[in-house]
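Peer 1: This is the structure, below, for whatever I ask next.
Readers should treat all values here as calculations from the given coordinates under stated rules, not as data from a laboratory. Predicted model only: the values in this text are computed from it and were never measured. Every residue, glycine as well, gets a Cβ built from its backbone with ideal geometry; the counts of neighbours run over all protein chains shown.
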Amino acid sequence: MSRRGLLIILSSPSGAGKSTLAGRLRDWDDTLRFSVSATTRPPRAGEVDGEDYYFVSEEEFRGQVDQGDMLEHARVFGNYYGSPKAPVKAAIEDGRDVLFDIDWQGAQQIKNSSLQDSVLSIFILPPSITELHRRLISRGKDDDAVIEGRMQKSWDEISHWDGYDYVLINDDLDHTETQLKTIIGAERLRRSQQPELVDHVRTLQSEFGDRT
C-alpha cells in the first residue's frame with residue numbers, strides 16, 4: 001500500500017548533533033533525500049546546479065517568493081537562500097520523504113505553508129550548555145570568536161523548542177539515532193499518510209455486503 005511522503009525537519013543549536021544525525025538517517029534509509037535549496041550566491045568550484053543548489057538570480061528568487069513558490073527563505077550574508085516548493089511537493093506526493101536541516105525560522109515558515117499536513121518537525125537539544133560548548137571546540141572548525149557567536153545564538157534557538165512535534169535530548173548519539181528512526185517509522189504509518197486505506201476499508205465493507 002502506497003503512502004504519502006514526509007517533510008522531515010531537523011533543527012538544533014549548532015553543535016547539538018543535528019547534521020551528524022541527518023547523515024546517519026540517510027545511511028539508514030537511502031531513499032531519504034535532502035531538500036536542495038535555491039540561492040542567489042554564485043556557485044563555488046565543483047558545485048553543480050540542481051544537486052548542490054539551484055543557482056538563480058536575485059530577481060528570479062524574489063519572483064518565486066512573491067508567487068509563493070518558496071517553502072521558506074532567508075537572507076544570509078547578503079545572499080538569499082530558500083527551499084523551492086515544487087520538487088518537495090512532487091517528492092511527498094510520490095511517497096518519498098524529504099529531509100530539511102534548517103533553523104526554527106525556516107521550520108516555522110514551512111509549518112505555515114500549504115504542505116503543513118506532511119510536516120514532521122524534530123528539535124535536538126544538547127544535554128548541557130557546557131557539553132554544547134565542548135562539542136563546538138572539539139570540531140576544530142571555528143575560531144574562538146565564531147564559537148562564541150554560535151554560543152550566543154544557541155539560546156535563541158533553544159527557546160523555540162516547544163514549536164516542534166518532537167524534542168530529543170542528544171546525550172548519546174546512538175540512542176538519539178534510534179529514537180529518530182522510531183519516530184519516523186511511526187509517522188510513516190499514520191492514517192493521514194496512507195490515502196489508500198479509505199479504498200481498502202470500502203472494499204472490506206463491500207465484501208461484508210456480498211455475504212448478506
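Peer 1: On the Cα set of the stretch 106-183, report Rg and Dmax in Å, please.
Peer 2: When restricted to Cα atoms, the stretch 106-183 yields Rg and Dmax of 14.6, 41 Å.
Peer 1: Please name which of S192, Q179, H160 has its Cα lying farthest along the dipole of the stretch 135-212 towards the positive end, using unit charges on Cβ (Lys, Arg +1; Asp, Glu -1) and the Cα centre as origin.
Peer 2: Positive-most Cα among the choices belongs to S192.
Peer 1: Most fluctuating residue of S159, S83, S37 in a GNM of the chain with Cα springs under 10 Å: which is it?
Peer 2: Taking springs between Cα atoms under 10 Å, the residue moving most is S159.
Peer 1: For the chain, modelled as a Gaussian network with Cα springs under 10 Å, which listed residue fluctuates most, R150, R139, R191?
Peer 2: In this elastic network of the chain, the residue with the biggest mean-square fluctuation among R150, R139, R191 is R139.
Peer 1: Select from V167, V88, V198 the residue whose mean-square fluctuation is largest in a Gaussian network model of the chain (Cα-Cα springs shorter than 10 Å).
Peer 2: Highest fluctuation among the options: V198.
Peer 1: Helix 18-28 versus the longest principal axis of the chain: what is the Cα-based angle in degrees, 0 to 90, to the nearest 10?
Peer 2: Helix 18-28 sits at roughly 40 degrees to that axis.
Peer 1: Moving on. Starting from the stretch 1-106, pick out the GluC sites (Glu not before Pro) whose DSSP state is loop and whose Cβ has at most 10 other Cβ atoms within 10 Å.
Peer 2: Passing sites in the stretch 1-106 are E51.
Peer 1: Pull up the cross-link candidates among the lysines for K85, meaning alpha carbon to alpha carbon under 19 Å and not fewer than 8 places away within one chain.
Peer 2: Leaving aside lysines fewer than 8 places away in the same chain, those within reach of K85 are K111.
Peer 1: Karplus couplings for the stretch 72-81 from phi (6.51 cos²θ - 1.76 cosθ + 1.60, θ = phi - 60°), rounded to Hz, Gly and Pro as x?
Peer 2: Result, ordered by residue: 7, 7, 7, 9, 10, 6, x, 10, 8, 10 Hz.
Peer 1: Taking amide H positions as placed in the peptide plane 1.01 Å from N, state which residues far from I9 in sequence (5 or more) or on other chains have amide H under 5 Å from it.
Peer 2: Amide H neighbours of I9, under 5 Å, 5+ apart: F100, L120, S121, I122.
Peer 1: Here is a further query. Please give the Cα centre distance for the stretch 166-204 versus the stretch 87-129, rounded to the nearest Å.
Peer 2: For the stretch 166-204 versus the stretch 87-129, the Cα centre distance is 14 Å.
Peer 1: Hey, another quick one. Suppose the chain between D29 and E59 were pulled fully straight at 0.36 nm per residue; how much longer would it get relative to their current alpha carbon spacing?
Peer 2: Taking 0.36 nm per residue and subtracting the Cα distance, the gain is 7.1 nm.
Peer 1: Further question on the same structure: Under 25 Å Cα to Cα from K141, which lysines show up? Leave out anything in the same chain fewer than 8 places away.
Peer 2: K18, K153
Peer 1: Equivalent ellipsoid semi-axes for the chain, as square roots of 5 times the alpha carbon gyration tensor eigenvalues: give them largest first, rounded to whole Å.
Peer 2: Ellipsoid half-lengths, sorted descending, are 34, 24, 15 Å.
Peer 1: Turning to a different aspect of this structure: Tell me the label-point distance for the pair L115, I129, using the 7 Å Cα-to-Cβ offset, in nm and rounded to one decimal.
Peer 2: It is 3.6 nm.
Peer 1: Still on this structure, please answer the following. Given R₀ = 41 Å, what would the calculated FRET efficiency be for R211 paired with S159, taking r from the Cβ atoms and rounding to 0.05?
Peer 2: Using R0 = 41 Å, I get an efficiency of 0.10.
Peer 1: If you line up the long axis of helix 173-188 against the longest principal axis of the chain, both from Cα atoms, how many degrees apart are they, to the nearest 10?
Peer 2: 30 degrees
Peer 1: Where does the stretch 146-203 land on Rg(C-alpha)/(2.2 N^0.38 Å)?
Peer 2: 1.77
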